[in-house]
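I have placed the structure first, in the form of structure tokens, so that the comments after it can refer back to it.
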Amino acid sequence: MSCTAKQERMSGPASPAPSRTITGAVPEKGRITIGFSVATDTFIIERWNKDVKVFSGAAQELGGDVIVQLSAGGTREQIAQINYMVNQNIDILVVIAHDTELIAGAVKQVRDAGIPVIAYDRLIMGIPLDAYISFDSREVGRQFGRALGGAVPRGKYLIVNGSVHDTNSFQISAGLHEIIDPLISTGMVQIEREIWLEEWSFDEALEKISGILEETTAFDAIVCGNDAIAQAAIQLLSERRMAGEIVVVGQDAELISCQYIVEGLQLMTVYKPIGKLAVRAAELAMAIAEKRTLPHDMLLDNGSGAQIPSYIEAPIAVFKKNMDVIIRDGFHSYEDIYRNVLF
């Protein structure tokens, strides 16, 4: 489709350039232009910086230019920035959604304008998509459950789930319960409290977990939706001189959490080989924009009535004993991970 045709299919005047813009490259005539929309509330999490950097570099090597937009004000600003990118004549849109349901209307408009859309990491619900690429979130939850079953097969659990606006949170929860529900049914494990957060937020987790620990600290394990939540839990436990006494699990292999693991304050994290995912996403974006097909791993139902071609990578459970997995991949260095450990 020509640039002019794409503009004509979008209703309304071109949106003004948003205040926060990162451009991976100045688009060149005749090259594929990829718009990458990132929800800013998640961008402060360490891993998203890596996703964007690797994706942009891989796309440029494949002959594409990437415009990255950070939406600072939640879903409303993300929609405004998506509209802006469409009017910059992008050939394909890649979206890390702030809210996987509220974003659907804007994404439908983009596809109605003839621009294909890939949901990255978070499956956008209720509308057809050209592709979805992510890690296996249900397996993340299973890995939480297996780690806890090995370390705390009997005891009281506190579960702090991630954002209620992210479908991955529910997949993680389902995978976790798949493993621990048999332990619950026998009475070996008791879920003392299970809560959900509005956002993947350290501050929100700090506030909500603090309120629970003010009532009781009688937990044997705290299941955290990601490492930012785990870090909030460990900070609160440290203030009570209980860090290391209660088992904590999380995901994303953030540097602080890797340090906590080798220090004995966190049991495990789930590592997602982001380089592999981001490169595959760039290849997928270029292929779809050029009307080429890449074999998918599976078809997923997102409630739209259409089966979504999905590309799913496997996560890896990382404990102190296999921390070298992260070091070998160059995700973090040995020196950084073991910085606080005295030999």
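Does region 21-29 include one or more residues that are polar (S, T, N, Q) and at pLDDT below 80?
Within region 21-29, one or more residues are polar (S, T, N, Q) and at pLDDT below 80.
Taking interchain pairs and intrachain pairs at least six residues apart, which have beta carbon atoms under 7 angstrom, with the first residue in region 153-165 and farther than 17 Å from I184 by Cβ and the second of a type in the set (S, T, Y)?
Short answer, once both residue conditions are applied: G162/S169; S163/S169; H165/T100.
Select from region 164-204 the residues that are in contact with a Leu (Cβ under 6 Å, 6 or more places away or on another chain) and not acidic (D, E) and write down the one among them that is surrounded by the most Cβ atoms within 10 Å (Cβ to Cβ).
So, considering only residues that are in contact with a Leu (Cβ under 6 Å, 6 or more places away or on another chain) and not acidic (D, E), the one surrounded by the most Cβ atoms within 10 Å (Cβ to Cβ) is V189.
When you scan region 319-334, how many residues do you find that are part of a loop (DSSP other than H, G, I, E, B) and charged (D, E, K, R)?
1
If you take the residues of region 98-146 that are modelled with pLDDT of 95 or more, among the hydroxyl-bearing types (S, T, Y) and out of contact with any Leu (no Cβ under 6 Å at 6 or more places or on another chain), which of them is nearest to N226 (Cα to Cα)?
It comes out as S137.
May I ask you to say which residue of D181, D227, D130, D166 is of a type in the set (D, E) and within 22 Å of Y260 (Cβ to Cβ)?
The conditions single out D227.
Name every residue in region 290-309 that is in contact (Cβ under 8 Å) with a residue 60 or more places away in the chain and surrounded by fewer than 20 Cβ atoms within 10 Å (Cβ to Cβ), in order of residue number.
Those that are in contact (Cβ under 8 Å) with a residue 60 or more places away in the chain and surrounded by fewer than 20 Cβ atoms within 10 Å (Cβ to Cβ): E290, H296, L300, G303, S304, G305, A306.
Wholly within region 31-141, which strands (runs of 3 or more DSSP E) include no fewer than the required count, namely at least 3 residues that are more than 16 Å from the chain's Cα centre (by Cα)?
Result: 32-39, 64-71.
Which of the residues belonging to region 142-195 are in a strand (DSSP E or B), of a type in the set (D, E, K, R) and either within 28 Å of I103 (Cβ to Cβ) or in contact with a Pro (Cβ under 6 Å, 6 or more places away or on another chain) (or both)?
Selection gives E194 alone.
Listed here are the residues, each with its yes/no results for (1) surrounded by 23 or more Cβ atoms within 10 Å (Cβ to Cβ); (2) in contact (Cβ under 8 Å) with a residue 60 or more places away in the chain; (3) at positive phi.
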position	(1), (2), (3)
K50	no, yes, no
A59	yes, yes, no
D65	no, no, no
S71	yes, no, no
R76	no, no, no
I82	yes, no, no
N89	no, yes, yes
V95	yes, no, no
H98	yes, yes, no
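The values are calculated or read from the model by the stated rules, or taken from the named source; none is laboratory data. If you're wondering where the values come from, they're calculated on a predicted model, not measured in any experiment. Here the Cβ is made from the backbone with ideal geometry for all residues, glycine too, and neighbour counts use every protein chain on show.
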